[in-house]
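**Q** Here you go, one structure.
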Amino acid sequence: MIEEILALKKERHAVILAHNYQIPEVLDVADLVGDSLELSRAAARLDAEVIVFCGVDFMAETAAILSPQKKVVLPEKGAWCPMAHMITPDQLKELKALYPEAAVVCYVNSTAEVKAESDICCTSANGVQVAGSLEQKQVIFVPDRNLAAYVARHTEKQIIPWNGYCYVHDHFTPEEVHAARARHPQAEVLVHPECRPEVIDLADYVYSTAGMGRHARVSKAREFIIGTEVGMLYRLKKENPDKEFYPLSEKAVCQNMKKTNLVKVLRALQTLEPGVTVPEEIASRARKAIERMLAVKG
Ligand code: 13P
Ligand code: SF4
């Protein structure tokens, strides 16, 4: 199947992009594995006719918005991010009416319609830099309350958060951090900014998934406790075979990230379905918010 995928990929002038939380077989067949920011940047710059996006809905939508001339395919139509659907465009419009002076930052884990209502996007890798780049003192931040809290702590901005959350990261508890440290006293604790503030307080470092990868490579530590979705551990172990990685919780599984497999990737390359498109009226406004983010340094 891998040979068939590779041959068809060439024939179709396709690239396979995969998020760090995908299953190992999919990661191994991908042209690029990364976090949301890296994959957005790649979607914008890659020279390909087809992007097979192994991730969840908002990531494929972002690729389609940035590259309207490319065919974007999401191998599993039902792979969606629950947090991205925790705020509707109407709810955001109501919030904007309450704070007319505020800038609107939306986490890329959001729908294209919500991006279209926002001034600028951010990812977990650049939320602090994005908020810091704005003139306004007041910033509406949607949909993740935990990333909003993290940005509020690291900027001078008055952050107005929405009450969305990622069920995978919001589930980690301080007790789990204490227990993991007791089991592995030499390990560094790395957590994602979608975790609750009380969990972040107990961590050594806070990173997006790509940031965790970079840190693990350069750190002198030999052991790491990883506070994000468990799929991340495969890549960390593969890139650092002489180091040990332990999940903060074995239960941290994003069901939607696990829906894509090689059979679906092959079918996507054969049929170029399910395609992901965003109506240009929405895409053009969402594109401004994403491109403004991509122009922010850091
Ligand atoms: P990253 O941008 O860190 O890869 O995170 C994306 C995501 O969905 C986290 O749950
Ligand atoms: Fe969404 Fe959380 Fe899954 Fe990331 S891990 S895609 S934020 S549900």
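**Q** Could you list all residues from region 82-140 that are of a type in the set (S, T, N, Q), within 17 Å of Ala152 (Cα to Cα) and not in a loop (DSSP other than H, G, I, E, B)?
**A** Gln129, Gln138
**Q** May I ask you to say which residue of Ser133, Ser118, Ser219 is in contact with a Cys (Cβ under 9 Å, 6 or more places away or on another chain) and away from ligand 1 (no atom under 16 Å from the Cβ)?
**A** Ser118
**Q** May I ask you to list the residues in region 44-63 that are closer than 14 Å to Glu273 by Cβ and among the aliphatic types (A, V, I, L, M)?
**A** Listed by number, the residues that qualify are Val50, Ile51, Val52, Ala60.
**Q** Go through region 59-104 residue by residue and tally those that are closer than 19 Å to Ala131 by Cα and touching a residue at least 40 places away in the same chain (Cβ under 8 Å).
**A** Adding up the residues that qualify gives 5.
**Q** Now a separate question. Being within 16 Å of ligand 2 (Cβ to nearest atom) and in a strand (DSSP E or B) is the filter; apply it to region 44-75 and report the residue that is nearest to Ala286 (Cα to Cα).
**A** This residue is Phe53.
**Q** Can I ask one more? Return the only residue of Val265, Val296 being buried (at least 17 other Cβ atoms within 10 Å of the Cβ) and either at pLDDT 95 or above or not in a helix (DSSP H, G or I) (or both).
**A** Only one candidate qualifies: Val265.
Residue-wise test of (1) over 20 Å from the mean Cα position of the chain (by Cα); (2) surrounded by 24 or more Cβ atoms within 10 Å (Cβ to Cβ); (3) farther than 17 Å from Arg153 by Cβ.
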site: Cys195; (1), (2), (3): no, yes, no
site: Val199; (1), (2), (3): no, yes, no
site: Leu202; (1), (2), (3): yes, no, no
site: Tyr207; (1), (2), (3): no, no, no
site: Ala210; (1), (2), (3): no, no, yes
site: Ala216; (1), (2), (3): no, no, yes
site: Lys220; (1), (2), (3): yes, no, yes
site: Glu223; (1), (2), (3): yes, no, yes
site: Val230; (1), (2), (3): no, no, yes
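**Q** Mind listing whichever residues of region 128-187 are within 16 Å of ligand 2 (Cβ to nearest atom), touching a residue at least 60 places away in the same chain (Cβ under 8 Å) and not aromatic (Phe, Trp, Tyr)?
**A** Pro143, Asp144, Asn163, Gly164, Cys166, Val168, His169, His171
The values are calculated or read from the model by the stated rules, or taken from the named source; none is laboratory data. Nothing here was measured: the structure is a model prediction, and the numbers come from that model. We place every Cβ from the backbone using ideal geometry, glycine too, and count neighbours over all the protein chains shown.
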